[in-house]
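Inspection log for the structure reproduced underneath, given as structure tokens.
The values are calculated or read from the model by the stated rules, or taken from the named source; none is laboratory data. As the structure is a computational prediction, the values presented were derived from the model and not from experiment. Positions of Cβ are backbone-derived with ideal geometry, glycine not excepted, and every protein chain shown enters the neighbour counts. Heavy atoms of the whole protein, side chains included, go into the accessibility calculation; ligands, DNA and RNA do not. Shrake-Rupley method; radii C 1.70, N 1.55, O 1.52, S 1.80 Å.
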Amino acid sequence: MNTGKLVLTFDESINGSTINVTDISLQNSNMNNASSVVRLSNETTISQLQVDTFELTLSANVLNQLKDATNLVTTVNNTYIRFGDNVAKDFAGLLVLPSPQDSALKILQPNFVADSSKPELVSFSINMDTAVLKMTFSESVDPTTFDPTKIFIQNQKVATQERRLINASEVTGAIDTVSFVLDQEDLNSIKFNTLLANSEEDTYIRMNSGVVKDRKGNTGKEVTDLNALKASKYTADTTSGSVTSFELNMNTESLIIRFSEPVSVTSFESSSTFLQSIKNASNGGTRFHLSSQTPVPSASEFGTIVEISLHSSDVDTLKLNTGMGTTTGNTFLSLDLGAFNDTAGNPIAKRGSSTALTPLKVTNDTTPPEIKSFDLSLSLDTITISFSEPVLASSFTANKLIMTDKVGGFNISLTALTPKNGNAATITYDVSFTDSNNIKGNTVVAIDQSSTRLYSLEGAVSDMASVLSAPIPASSPLTVNNYGADSSSPFLVSYDFIMDDGTLPAYLTLIFSEIVSAESIIVTEMALQNAQNISAIGDPKTFPLTSKSNKSYVNSHEITIFIH
């Protein structure tokens, strides 16, 4: 049974040319109705050893049939031969007698060699579309003994890339073949590795001893790394995968997409990847494609899960649109053809805007916004604040914003800020007249860039999800990014003049556009006159102020002069 040789010895010389091998059967008992019978085929070859002795080499098919049977030719007790009526003739033309009724000839013990040969892997094919791997062995094998964990798929003899299989399903056998469906994880791993199993040229198998046994319990031979077997047939993956689910996380500012098979992250096309606020975008709502500045995604689970770090512009769009990206009912994903390709280059199937995908989960923004930088213009009386994310412009609590010159230095708390633009990540505020005068009127804070610093209390502003801002500790205030010194000249806005009973002293209060230095006021440069343009009237009168008049010495936008 190892060599497939059957030796027949007759009681006289036989004409070898008359031997009819198809009239010879091997069976498991001497009975005519034996339960297991295999008839020899025309592919059997005949060699004459003696005038009365012939060696028959069984065809591979017949030998495999014999090996596949569990109750036939395993011992001398179930090995019998039966001749039909026309098995052979002697040289006188007389037919060899057929086997008598229920008297098939039993083999003798010394003449029987049981099957002890180990099945060897002869060839294999792999279909990357159907995930079916078919293995052909040198003899009949028992598929119930199949162990896929002893198989390695590798890229060449002496592998530099490999995948050891972890499981298999739908294992079937037919005589000398075993077919099975690759486990999904194995298939994904192989597809994701672009240096492995792209064609016959980089698809090899090696295997440990015992991947399968034959019907007689002989363990299959090992295929070593050095002798790894190349695929005899390779069917490429030509089927497009699809998106199966997604999640949006506004805390991590990421979009997580799951696919039915591994995808190539470098194939990602942001302009073909859309978020929308309703499932069917043709009914309205908001829809936008991801920014062209979106970085290349990262992959996990062998490329079946892709994580996209959203660009700040897309994050801002989502956060500013409070009717989108907050629940599974207002967040949907659609993909144009070409948004992703699988690792074989097949485009992932389109997911149209009219049937956009509902997310498994939306994680709302719970991250406190932060003040990242600020600019101050004392000429324009504005402060421009940049945040880590869009905020509600009107939510600013001014008295939680403190300007200082240094750690532990002089502080000025703001009292009122009026936004000049709407909700955004960068907002310019008008500084109140009072705050402006407080800043301009001191000689410590905000006199130059190095003395212009800012810290804040917790909850100075809230983001679009109503999350209160994180504080800026007084121990580490922010230094102004762009400092604009006051270059606008103050001007007289109005004045009040009071002289009770028409007699001196009189009080002249000058009201300026901003705080001024009282010390800089030169009283003798001022005069009272009886008309706005005295040259245009017939009786002009002028009353110059003299050094006898004195003034208040407190810096303010209101300066009072006492006229004597």
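For Ala104, indicate whether it is crowded, with 20+ Cβ neighbours inside 10 Å and modelled with pLDDT under 95.
Judged against the criteria, Ala104 is a match.
Collect the residues in region 225-257 that are surrounded by fewer than 18 Cβ atoms within 10 Å (Cβ to Cβ), β-branched (Val, Ile, Thr) and in a strand (DSSP E or B), keeping them in residue-number order.
Those that are surrounded by fewer than 18 Cβ atoms within 10 Å (Cβ to Cβ), β-branched (Val, Ile, Thr) and in a strand (DSSP E or B): Thr235, Thr244.
Say we look at region 370-391 and pick out the residues that are of a type in the set (D, E, K, R), under 18 Å from Ser462 (Cα atoms) and out of contact with any Pro (no Cβ under 7 Å at 6 or more places or on another chain); which of these is least open to solvent (accessible area, probe 1.4 Å)?
Of everything passing the filter in region 370-391, Glu370 is least open to solvent (accessible area, probe 1.4 Å).
Could you check region 3-55 and list, in sequence order, the residues that are farther than 16 Å from Ala69 by Cβ, part of a strand (DSSP E or B) and open to solvent by 90 Å² or more (accessible area, probe 1.4 Å)?
Result: Lys5, Thr9, Gln48, Gln50.
For region 428-454, give me the residue count where each residue is open to solvent by less than 30 Å² (accessible area, probe 1.4 Å) and touching a Leu at 6+ places or on another chain (Cβ under 9 Å).
Of the residues in that region, 9 qualify.
Count, please, the residues in region 156-198 that happen to be in a helix (DSSP H, G or I) and touching a Phe, Trp or Tyr at 6+ places or on another chain (Cβ under 6 Å).
3
Consider only pairs whose beta carbons are under 9 Å apart and that are at least six residues apart or on different chains; among these, list those whose first residue lies in region 258-270 and is within 17 Å of Ala131 (Cα to Cα) and open to solvent by less than 10 Å² (accessible area, probe 1.4 Å) and whose second residue is among the charged types (D, E, K, R) and in a loop (DSSP other than H, G, I, E, B).
Cβ pairs passing all conditions: Pro262/Glu301.
Just checking, does region 426-447 include any residue being touching a strand residue (DSSP E or B) at 6+ places or on another chain (Cβ under 8 Å), assigned to a loop (DSSP other than H, G, I, E, B) and among the acidic types (Asp, Glu)?
No, region 426-447 contains no residue that is touching a strand residue (DSSP E or B) at 6+ places or on another chain (Cβ under 8 Å), assigned to a loop (DSSP other than H, G, I, E, B) and among the acidic types (Asp, Glu).
Does Lys89 satisfy the criteria of being touching a helix residue (DSSP H, G or I) at 6+ places or on another chain (Cβ under 8 Å) and crowded, with 16+ Cβ neighbours inside 10 Å?
Yes; evaluated as a whole, the condition is true for this residue.
Being free of Cβ contacts under 8 Å to residues at least 40 places away in the same chain and either of a type in the set (Gly, Ala, Ser) or exposed (fewer than 12 other Cβ atoms within 10 Å of the Cβ) (or both) is the filter here, so list the residues in region 498-524 that pass it.
If the condition is that a residue be free of Cβ contacts under 8 Å to residues at least 40 places away in the same chain and either of a type in the set (Gly, Ala, Ser) or exposed (fewer than 12 other Cβ atoms within 10 Å of the Cβ) (or both), then Ile498, Asp500, Asp501, Gly502, Thr503, Ser517, Glu519, Ser520, Ile522, Thr524 are the ones that fit.
Yes or no: region 140-153 includes at least one residue that is in a loop (DSSP other than H, G, I, E, B), more than 30 Å from Thr75 (Cα to Cα) and in contact with a helix residue (DSSP H, G or I) (Cβ under 8 Å, 6 or more places away or on another chain).
No, there is no match, as no residue in region 140-153 is in a loop (DSSP other than H, G, I, E, B), more than 30 Å from Thr75 (Cα to Cα) and in contact with a helix residue (DSSP H, G or I) (Cβ under 8 Å, 6 or more places away or on another chain).
Determine if region 340-349 includes at least one residue that is surrounded by 22 or more Cβ atoms within 10 Å (Cβ to Cβ) and under 24 Å from Ser277 (Cβ atoms).
yes
Within region 525-562, how many residues are surrounded by 12 or more Cβ atoms within 10 Å (Cβ to Cβ), of a type in the set (Val, Ile, Thr) and not in a loop (DSSP other than H, G, I, E, B)?
Result for region 525-562: 4.
So which of Leu248, Leu310 is in contact with a Gly (Cβ under 9 Å, 6 or more places away or on another chain), within 24 Å of Asp463 (Cβ to Cβ), modelled with pLDDT of 95 or more and not aromatic (Phe, Trp, Tyr)?
One residue alone meets the criteria, Leu248.
Out of (1) open to solvent by less than 30 Å² (accessible area, probe 1.4 Å); (2) in a helix (DSSP H, G or I); (3) not aliphatic (A, V, I, L, M), the odd one out for Glu201 is which?
Only one criterion is unmet by Glu201, namely (1).
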